[in-house]
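Accompanying notes for the structure given below.
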Amino acid sequence: MRVRPADPASDAAACAGVYAPYVRDSVISFEAEPPDEVEMRQRMETVSARYPWLVAEVDGRVVGYAYASQHRDRAAYRWAVDVAVYLEAGHHGQGIGGALYEALFQALSRQGLRMACAGITLPNPASVALHRKLGFEIVGVYRQIGWKFDRWHDVAWYQRRLGAPDDDPPSEPGPPRS
């Protein structure tokens, strides 16, 4: 397994393929329609201008990805990011999600970012276990926040510190670095 920075031009179709079942067949994503290759490429380009987007390859084929995005648009939140990881069916429980996340956290730390946040639609014991294993702590639950498949769903919010705690004024987060 190899983790590397994504190339929107060559990885968008694979990432769209990994993500589509989460949209079509589950409440893990609250999107209604899966993005196609063109939309996924645009998303990847937009995100990659500011944050890392990583892919995992097995035998030269993309089987998962992880990325960070802006947590909120207020200035005080600029050291926090939302993170997500998605794996192709059949590749869960093999350490790929953890490897993607660890590489993502290292890249985010090098940028000067300080807090990773993750929203998990409940129930999702596998995702909760992965996030807890990687040091995330639950900070709250939005009750009945998302409507999909004819019912309301809760979303648990988790956070993980990206660097050592300190109270010093932070430097401005930088652009993605390899």
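The values are calculated or read from the model by the stated rules, or taken from the named source; none is laboratory data. Not measured: the values here are computed from a predicted model. Using ideal geometry, Cβ is built from the backbone for each residue, glycine included, and neighbour counts are taken over all protein chains shown.
Those residues that are surrounded by 19 or more Cβ atoms within 10 Å (Cβ to Cβ) and out of contact with any Leu (no Cβ under 9 Å at 6 or more places or on another chain), I need them from segment 87-97; list them, please.
Of the residues in segment 87-97, the ones surrounded by 19 or more Cβ atoms within 10 Å (Cβ to Cβ) are 87-88, 96-97.
E88 - this is the single residue of segment 87-97 that is surrounded by 19 or more Cβ atoms within 10 Å (Cβ to Cβ) and out of contact with any Leu (no Cβ under 9 Å at 6 or more places or on another chain).
Just checking, which of A99, A68, A107 is within 30 Å of D150 (Cα to Cα), of a type in the set (G, A, S) and either modelled with pLDDT of 95 or more or not in a helix (DSSP H, G or I) (or both)?
Values: A99 fails: within 30 Å of D150 (Cα to Cα); A107 fails: within 30 Å of D150 (Cα to Cα).
Only one candidate qualifies: A68.
Mind counting the residues in segment 123-178 that are assigned to a strand (DSSP E or B) and either without any contact (Cβ under 8 Å) to a residue 24 or more places away in the chain or of a type in the set (F, W, Y) (or both)?
Filtering segment 123-178 down to residues assigned to a strand (DSSP E or B) leaves 137-148, 151-161.
Subsequent filtering for residues that are either without any contact (Cβ under 8 Å) to a residue 24 or more places away in the chain or of a type in the set (F, W, Y) (or both) retains 137-145, 147, 151-152, 157-158.
Count: 14.
From the set of residues in segment 73-83 that are surrounded by fewer than 21 Cβ atoms within 10 Å (Cβ to Cβ) and hydrophobic (A, V, I, L, M, F, W, C), which is modelled with the highest pLDDT? Please lay out each step first, then the result.
Step one: filter segment 73-83 for residues surrounded by fewer than 21 Cβ atoms within 10 Å (Cβ to Cβ), giving 73-80, 82.
Now restrict to residues that are hydrophobic (A, V, I, L, M, F, W, C): 75-76, 79-80.
Numbers: A75: 92, A76: 91, W79: 92, A80: 95.
Among those residues, the one meeting the criterion is A80.
Does V85 satisfy being within 14 Å of the chain's Cα centre (by Cα) and over 22 Å from A126 (Cβ atoms)? Full working, then the answer.
Details: within 14 Å of the chain's Cα centre (by Cα): yes; over 22 Å from A126 (Cβ atoms): no.
In short, no.
Report yes if some residue within segment 138-161 is over 24 Å from P176 (Cα atoms), modelled with pLDDT under 95 and more than 15 Å from the chain's Cα centre (by Cα); otherwise report no. Quick ask: steps written out before the conclusion?
Applying the first criterion (over 24 Å from P176 (Cα atoms)) to segment 138-161 yields 138-157.
Then keep just the ones that are modelled with pLDDT under 95; that gives none.
Checking segment 138-161: not a single residue is over 24 Å from P176 (Cα atoms), modelled with pLDDT under 95 and more than 15 Å from the chain's Cα centre (by Cα).
For (1) among the basic types (K, R); (2) touching a strand residue (DSSP E or B) at 6+ places or on another chain (Cβ under 7 Å); (3) under 29 Å from I145 (Cβ atoms); (4) free of Cβ contacts under 8 Å to residues at least 12 places away in the same chain, each residue gets a yes or a no:
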residue	(1), (2), (3), (4)
R4	yes, yes, no, no
P21	no, no, yes, no
V27	no, yes, yes, no
E37	no, no, no, no
V81	no, yes, yes, no
V85	no, yes, yes, no
H92	no, no, yes, no
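Going through segment 39-54 one residue at a time, which ones are in contact with a helix residue (DSSP H, G or I) (Cβ under 8 Å, 6 or more places away or on another chain), surrounded by 15 or more Cβ atoms within 10 Å (Cβ to Cβ) and either free of Cβ contacts under 8 Å to residues at least 24 places away in the same chain or under 25 Å from R114 (Cβ atoms) (or both)?
Result: M44, S48, Y51, P52, W53, L54.
For segment 63-108, what are the residues that are touching a helix residue (DSSP H, G or I) at 6+ places or on another chain (Cβ under 8 Å), closer than 21 Å to S26 by Cα and of a type outside the set (G, A, S)?
V63, Y65, Y67, V83, V85, Y86, L87, E88, H92
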